[in-house]
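The values are calculated or read from the model by the stated rules, or taken from the named source; none is laboratory data. What you see is a predicted model; the values in this text were computed from it and never measured. So basically every Cβ, Gly included, is an ideal-geometry build from the backbone, and we count neighbours across all protein chains shown. When the accessible area is computed, the model is the full protein with side chains, heavy atoms only, and any ligands, DNA or RNA have been set aside. Shrake-Rupley method; radii C 1.70, N 1.55, O 1.52, S 1.80 Å.
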Amino acid sequence: MTLFTNAVESIQIGVEDLSKNDDRRVLSAVRNVHAGVLLLCKEKLRRLSPDDEILLAQRFEPQPNDKGEVAIEGVGRNTVGADDIKKRFKTFHVALDWKRFDGMADIRHHMEHSYFKGSRKRARQAVADAFLVIRQLLVEALQEDPLKTLGPECWTALLENADLFAAELQACQVTLKSVRWDTEAAARALPDFACPSCRSSLVRQRDPNNKSQPNAALICAACGESAELGPVLSLAFDETFGAQGHIAVKDGGEPPISTCPECSEETYVVKEGRCAACDFTLPEDAACAICGSGLSAEDYYEHDGLCSYHAHVASKDD
Ligand SMILES: [Zn+2]
Ligand SMILES: [Zn+2]
Ligand SMILES: [Zn+2]
């Protein structure tokens, strides 16, 4: 069996697993579809290789060949893993939706390592992510027709799953959009809300009619766990503002989000001077009582209204 047929069959079996009304096959659905996606990536690397499948090897080294010339040869039996696939795709300018690629792997990982495995909703998201990656791989990278390659049954099931997931996600997001969030940052991060227990995006308000942030109780529609706002926002901010934060730090600037001195979550919004998760606020005129210099949230909270220098001096006087 070729690598390509192997990939296609893995995806077909996974989709079949998901369509069976059997919770025991939910994990196997995610595993098979994920394996199929990795195999499609490998097929692309195989096609990019000159004639020896060299790009599938995890490691290669220069070796002398029969004619005494230098040849690059694969070493060992290991084939590329997800990290190498990413690196090689980037090197060879093959575009792929890495956010969804990672999202799908993340859900698989959480499903495999948690006690509660049988949630169709949870699997739906992984397969919906996979669907977009599969389409991109087939159409753009491999120039194959998805309908012909996967067969009408599998392709239609993937489309329907994506629609179902989109509808579930929409229903959850509506309950979050009706809240008057205390910070703009939280409102902006809504599309990135995810369950801290299972990483599903199906986070919703318990009471869809509630409008106030302090009364908002969140629950995950995929695993059924209730979710604290702090960890949910912390995860979401990492997605929404993470890249911006890395750039700011690299340029010696201040990241948009920092640790809240009161609740210790990564939810303090620097620009807005307040924490998005708890009620900690930095007064606008927060300044050192001795030298008058502006205070960071941390100084204000930890040093009783003194800058770190004067807090240090004061502690010596005691
Ligand atoms: Zn969950
Ligand atoms: Zn806080
Ligand atoms: Zn001072």
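Just list whichever of Lys177/Lys211; Lys99/Lys148; Lys44/Lys67; Lys99/Lys177; Lys42/Lys90 have alpha carbons separated by over 18 Å in the model shown.
In this structure, Lys99/Lys148; Lys44/Lys67; Lys99/Lys177 exceed 18 Å between Cα atoms.
In debye to the nearest 20, how big a dipole does the stretch 195-318 give about its Cα centre with +1 on each Lys and Arg Cβ and -1 on each Asp and Glu Cβ?
580 debye
Using DSSP to call loops (not H, G, I, E or B), can you name the GluC sites (Glu not before Pro) in the stretch 48-107 whose Cβ has at most 14 other Cβ atoms within 10 angstrom?
Listed in order of number, the matching sites are Glu69.
Work from the charge dipole of the chain (Cβ charges, +1 for Lys and Arg, -1 for Asp and Glu, about the Cα centre) and give the residue of Leu138, Ala276, Thr91 farthest towards its positive end.
Value: Leu138.
Helix 152-177: angle to the longest alpha-carbon principal axis of the chain, degrees 0 to 90, nearest 10?
Value to nearest ten degrees: 0.
Of the heavy-atom accessible surface of the chain (probe 1.4 angstrom), what whole percent is carbon and sulfur?
With neighbouring chains kept in place, the figure for the chain is 49 percent.
Return the ratio Rg/(2.2 N^0.38 Å) for the stretch 182-248, where Rg is computed over Cα atoms only.
1.12
Taking loop as defined by DSSP and a crowding limit of 12 other beta carbons within 10 Å, which trypsin sites (Lys or Arg not before Pro) in the stretch 239-294 fit?
Lys271
With θ set to phi - 60°, apply the Karplus curve 6.51 cos²θ - 1.76 cosθ + 1.60 along the stretch 122-138 and write out the HN-Hα couplings as whole Hz, x wherever there is a Gly or Pro.
Along the stretch 122-138, the couplings run 5, 5, 3, 5, 4, 6, 5, 4, 4, 3, 5, 5, 4, 4, 5, 5, 5 Hz.
Just to verify a number: FRET efficiency for Ser308 and Ala243, C-beta to C-beta distance, R0 = 25 Å, to 0.05?
Step by step, r from the Cβ atoms, then E = 0.30.
Does anyone have the angle between helix 98-112 and the longest principal axis of the chain? Alpha-carbon axes, 0 to 90°, nearest 10?
Tilt of helix 98-112: around 90 degrees.
How many Å² of accessible area per residue for the chain, probe 1.4 Å?
Solvent-accessible surface per residue comes out at 55 Å².
Taking the Cα centre of the chain as origin and charging only Cβ (+1 Lys, Arg; -1 Asp, Glu), how large is the dipole, in debye to the nearest 20?
1260 debye
Placing +1 on the Cβ of each Lys and Arg and -1 on the Cβ of each Asp and Glu in the chain, which of Leu18, Pro64, Ile247 has its Cα farthest towards the positive end of the resulting dipole?
Of the candidates, Leu18 comes out farthest on the positive side.
For the stretch 268-318, state which GluC sites (Glu not before Pro) are in a DSSP loop and have at most 12 other beta carbons lying within 10 Å of their beta carbon.
Glu284
Below 8 Å, C-alpha to C-alpha, sequence gap of six or more: please give me the relative contact order for the chain in percent.
10 percent
Roughly speaking, what is the stretch gain from Glu61 to Lys148, that is 0.36 nm per residue apart minus the C-alpha to C-alpha distance, in nm to one decimal?
Using 0.36 nm per residue and subtracting the Cα-Cα distance, I get 27.5 nm.
Can you tell me the length gained on complete extension of the stretch Val270 to Thr2, counting 0.36 nm per residue apart and subtracting the Cα distance?
Going from the current span to full extension adds 91.1 nm.
Using a 7 Å offset from the Cα along the Cα-to-Cβ direction at both Ser293 and Glu112, what is the distance between the two label points in nm, to one decimal?
Here the modelled spin labels are 5.0 nm apart.
Note down the net charge around Asp279, summing +1 for each Lys or Arg and -1 for each Asp or Glu among other residues with Cβ under 9 Å from its Cβ.
That works out to -1.
Taking amide H positions as placed in the peptide plane 1.01 Å from N, state which residues far from Ala71 in sequence (5 or more) or on other chains have amide H under 5 Å from it.
Gln63, Asn65
Using helices alone, I'd like the mean residue ellipticity at 222 nm for the chain: each DSSP H run of four-plus residues gives -39500 (n - 2.57), total over residue count, nearest 500.
Result for the chain, helices only: -16000 deg cm²/dmol.
Could you state the angle between the C-alpha long axis of helix 229-250 and the longest principal axis of the C-alpha atoms of the chain, as a value from 0 to 90 degrees rounded to the nearest 10?
So the helix axis and the longest Cα principal axis differ by about 80 degrees.
Is there a quick way to get the dipole size of the stretch 19-177? I mean about its Cα centre, with the Cβ of Lys and Arg at +1 and of Asp and Glu at -1; what is the value in debye to the nearest 20?
It works out to roughly 640 debye.
Under the 0.36 nm per residue contour assumption, what length would be gained going from the current alpha-carbon distance of Ala166 and Asp251 to full extension?
Net length gain for the segment: 26.8 nm.
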